[in-house]
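Here's the structure we're looking at; comments come further down.
Derivation of every value follows stated rules applied to the coordinates shown; laboratory data play no part. Values in this document were obtained by computation on a predicted structure and should not be read as measured data. Reconstructed Cβ throughout: ideal geometry from the backbone, glycine too, with neighbour counts over all protein chains shown.
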Amino acid sequence: MQNRRKRGSCHVCYKRAKRGGATGEQLKNQASRTVFRSVTVHDRPPDHFTPMEESQQHDFFLRLSKNYPVFGSDIKNCTKFTKKDCSGHVEKLSERPALIVSSTSWTEDEDFSILLEALTDYDKSEVCDNVPNVVCVITGKGPQKQFYSKEIQERKWKKIEFCLPWLEAEDYPLLLASADIGVCLHTSSSGLDLPMKVVDMFGCGLPVCAANFKCINELVKHNENGLVFNNNLELLEQLKSLLKGFPQKSKQLEIFRKNLLAFQQVRWHGQWKKLVLPIFHVIGGVQTPSYTFPGLTKHPDWKGWGDAGSDSDPDSGKKPDGDVTISDNEGHEAEDKKDR
């Protein structure tokens, strides 16, 4: 009996880099002219990773301060970052420290010494540098946490306070939404794993300084929604540049936040419905999928749009929302980057 190998009708990748190199070659059959389509569907944040009003931040800081005094203040109706007046109006303090957040599993996959050395040099900043004090919050548990906790305690800090909490799951997005800068130390051993923590930070409108590796540019656009660094000296200069004149003069941070608005419009569930669900509609023979992407009408299993008409046909000229890349084994690509 002849052995027939079944080929996938479509392949879903969570980054463009997965379509290249050895992994990408596995999606191709060099001996066949059959078109194999690979779809890039980047991770998106869940709905609860979202920006937060100043009044919500105030209440959050007050609650955190009960367990972590670094967030509190000796002044009534104030936290270290916010104040509430007698009418109940909340605003951020004009002279407040910058809140820097990083999350880590405290393993060797993330070199925390990069951030520690950068902040050590930041702590030596002169008055003329015009940079604020910093509260650095590093969340997570892991084998190296005790080692670095001791390192932090043994150093004498003038401008920087540290907090290494273990937060409840519902508090983590609130922390990101209250911060000024996120720092990501993730570097992928394969060079192909994008950090979900950055996706969550972007969902909260938080600009990021991220460690550089092979495909980080698919997520962090240098000088557009954040910055990419190669070592502690570059991270130091980025922090000093972003925080110079903070909080009154934080133009670059505000530009990054504005550029993240489009990213926040597409969430995980919406991304899946728009870019992945239509694949199952077509393969399953559904006549009228609710959404699709370019090239589906050329699929060998395509059976027509039924009553949907040309308005739903991407090959008739209408482009989809979201972030999608379609490729075939001829090397052809069609890309739409509406959220960039």
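Just a few scattered comments:
- Entries in LYS221/LYS251; LYS145/LYS221; LYS76/LYS124; LYS124/LYS197 that, when Cα-Cα distance is taken, lie over 23 Å: LYS145/LYS221; LYS76/LYS124; LYS124/LYS197
- Each Lys or Arg adds one and each Asp or Glu takes one away; over the other residues whose Cβ falls under 15 Å from the Cβ of LYS249, this sums to +2.
- Across region 271-277, rounded Karplus estimates of 3J(HN,Hα) from the backbone phi angles (6.51 cos²θ - 1.76 cosθ + 1.60, θ = phi - 60°) give 4, 5, 5, 7, 10, 9, 3 Hz, Gly and Pro being marked x.
- Protection-proxy order for peptides 57-64, 198-205, 102-109, each taking the mean of Cβ atoms within 10 Å per residue, highest first: 198-205, 57-64, 102-109
- For region 54-264, diffusion coefficient by Stokes-Einstein and Kirkwood Rh (Cα), 20 °C, 1.002 mPa s, µm²/s: 122 µm²/s
- Each peptide in 241-249, 162-170 receives the mean, over its residues, of other Cβ atoms within 10 Å, and ordering these scores from highest gives 241-249, 162-170.
- Per-peptide average of other Cβ atoms within 10 Å, ordering 220-228, 136-144 highest first: 220-228, 136-144
- 14 Å reach of a label modelled at LYS92, 7 Å along Cα-to-Cβ, counting backbone N of region 228-245: 242-245
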